[in-house]
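Notes to accompany the following structure.
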């Protein structure tokens, strides 16, 4: 896997039209947020928001990165808005006791593995490494 994100025009797949450099480890996921904005996730525990209007074919682009979000080791889900430098809210995961089915305060071995925001709503689905899935409402 590569540490860069390669963007291709499907009419010419021989060379990328831009290369986005900035992650320290492999890029594991990318998604367009709109026609000019791309988000990339990496195994270095970072998300990067890229402004594609600042890219060019001539050289790898690091100045196209408009926002970097670092991973956390405190097992929390953070919600950000791209116009704000700090999280707007957070939620801490605990373990689920297999006998009672209730959440415990044991945060030692889990990490948040997936987050998906439901479009045009205030709902977020998050999962942790224990297999616990939560539907969270941003209020």
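Values quoted throughout were computed directly from the atomic coordinates according to the rules given, and no laboratory measurement underlies them. Worth saying up front: this structure is predicted, and the values here are computed from it rather than measured. Every residue, glycine as well, gets a Cβ built from its backbone with ideal geometry; the counts of neighbours run over all protein chains shown.
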Starting from the Cα-Cα distance between residue 10 and residue 97, subtract it from 0.36 nm times their residue separation and give me the gain in nm to one decimal. 26.4 nm
Using a Förster distance of 22 Å, how high is the FRET efficiency between residue 127 and residue 83, based on the Cβ-Cβ distance and rounded to 0.05? 0.25
Computed over the Cα atoms, what is the radius of gyration of region 5-69 divided by 2.2 N^0.38 Å, N being its residue count? 1.04
